[in-house]
Amino acid sequence: MKKTLIVGTVAFDEIETPKESSGKILGGAATYIGLSSAIFESQASIISVVGGDFDQKYLDLLDSKGLNTNSIEVISKGKTFYWKGKYHKDWNKRDTLNTQLNVLADFSPILNEQNSSAEIIVLGNLHPAVQSKVLNQISSESKCVILDTMNFWMDNSLEELIKVIGKANIIIINDEEALQLSRKNTLFNAADEILKMGPEHVVIKKGEHGAMLFNKNEFFTTPAYPVKKVKDPTGAGDTFAGGFAGFLSQNNDLDFDTLKLAVVHGTVMASFCVEGFGTSQMEELTKEAFQNRLKEFKKYTRY
C-alpha cells in the first residue's frame, strides 16, 4: 500500500437546487477526496485548515473512516471556508452565490516527515502557489502527483498554474477546463497540448458522459454509471479523484492498464456522490455497496 497525502479544502457548503436547499453542510475538496479514498482503506492523511466554528463531529467522522486528520489545522478564532452555490435544471450549470475564504486566505501548509514521504499526492483545487509549496516539501523519490485545478486559476494565476502542472504526473480536469487551458477546440487536441506542459497522463472528466484518459501514445474512455436520480453534483469531481487515487494506492505498478482501472473506479465512486446532498452518500457508503455497483458497471460496458 502506498502512503497517500491529500491537500485541499475542508469546508462548509450550502447548496440550492431547483427542488431543495441543503442548509450549511460539510464540504470541501479534501473532504470528498478523503471519504472516497477511504473505501480502499488507503489510510490517507489530510492537510487543510478550518476555523473554530468547525464542529469536532466532522473531524471525528473523517477519523472514523481511517483518515489521518492530525494535519488539519484548527484556528480557533477564525472561520471555516464557506461556499454557496445554486444549480439549474441543467446540472452542468451552476452559479456561485457566496464565497468566503476565511482561514483559507492565509493557508500555508507545512508538511511533517510522514507527509513529506507520501507516494501518492493528491492536490485538490487550491491556489497553484500553495500546490507548488506542497510539492517542494515532498521527499519521496517514487511519488505520483495527481493535480486538480479549475477555470478560476486559469483566469487569474495561469503562469503559476503552468509551473505546477509541469511538476504533476497526472492532471484531472473537466472538459470545459481542458479546452480553456489548452486553447484548443477538441478534447483530443486539448489532451495533446496539456501533455506538452509536462504531465505523463491527462484525465478529462465529462460529467454524465464519463471520462477520458490520455498519455502520449494511448487513449481510454469510459461512460458514466447511469444514475437515475441526481440530487446534488457538488463534489463529484473530487470524489472521482479520491476513488482514482485510492485505487492507485493499492497498486505497485502505475502503468496505463492500472490507470484505466483507476478511471473506472473513480467513475463508479462519483456515481454515489451525486445521489445525495453534499457528503451524505459518501459518509454511509460501504465497500460492499461499491463493489456491487462496480460489478454492475462492468456488465454495462462489456461487449
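The values are calculated or read from the model by the stated rules, or taken from the named source; none is laboratory data. What you are looking at is a predicted structure, and each value in this text was computed from that prediction instead of being measured. Counting neighbours? That spans all protein chains shown, and the Cβs are built from the backbone with ideal geometry, glycine included.
Selection over segment 188-205 of residues that are among the hydrophobic types (A, V, I, L, M, F, W, C) and either in contact with an Asp or Glu (Cβ under 6 Å, 6 or more places away or on another chain) or under 22 Å from Met269 (Cα atoms) (or both) gives a count of 3.
Segment 1-43 holds strands (runs of 3 or more DSSP E) entirely within its bounds, and those carrying 1 or more residues that are surrounded by fewer than 20 Cβ atoms within 10 Å (Cβ to Cβ), of a type in the set (A, V, I, L, M, F, W, C) and at pLDDT 95 or above map to 21-27. Looking across segment 137-151, the residues that are in a loop (DSSP other than H, G, I, E, B) and in contact with a helix residue (DSSP H, G or I) (Cβ under 8 Å, 6 or more places away or on another chain) come down to Gln137, Ile138, Ser139, Ser140, Thr149, Met150. All told, Phe107 meets the bar of being touching a residue at least 12 places away in the same chain (Cβ under 8 Å), of a type in the set (Phe, Trp, Tyr) and farther than 18 Å from Ile25 by Cα.
Scanning segment 206-236 for residues that are touching an Asp or Glu at 6+ places or on another chain (Cβ under 7 Å) and within 19 Å of Phe256 (Cβ to Cβ) returns a single hit, Asn215.
Remark: Ile204 falls outside the filter, which requires a residue to be assigned to a helix (DSSP H, G or I), more than 16 Å from Ile121 (Cα to Cα) and at pLDDT 95 or above.
Filtering segment 168-179 to residues that are in contact (Cβ under 8 Å) with a residue 12 or more places away in the chain and either under 22 Å from Ala224 (Cβ atoms) or assigned to a strand (DSSP E or B) (or both) leaves Ile170, Ile171, Ile172, Ile173, Asn174, Asp175, Glu176, Glu177, Ala178. The sole residue among Val134, Val103, Val130, Val122 that is at pLDDT 95 or above, at negative phi and outside any helix (DSSP H, G or I) is Val122.
Going through Thr301, Thr222 one at a time, which residue ends up being of a type in the set (Val, Ile, Thr), over 19 Å from Ala11 (Cβ atoms) and exposed (fewer than 15 other Cβ atoms within 10 Å of the Cβ)?
Thr301
In this structure, is Lys57 assigned to a loop (DSSP other than H, G, I, E, B), surrounded by fewer than 20 Cβ atoms within 10 Å (Cβ to Cβ) and out of contact with any Pro (no Cβ under 8 Å at 6 or more places or on another chain)? So Lys57 does not fit the description; no.
Filter segment 253-285 down to residues that are touching a residue at least 40 places away in the same chain (Cβ under 8 Å) and not in a helix (DSSP H, G or I) and give me whichever is farthest from Lys205 (Cα to Cα). Checked segment 253-285; the qualifying residue farthest from Lys205 (Cα to Cα) is Leu285.
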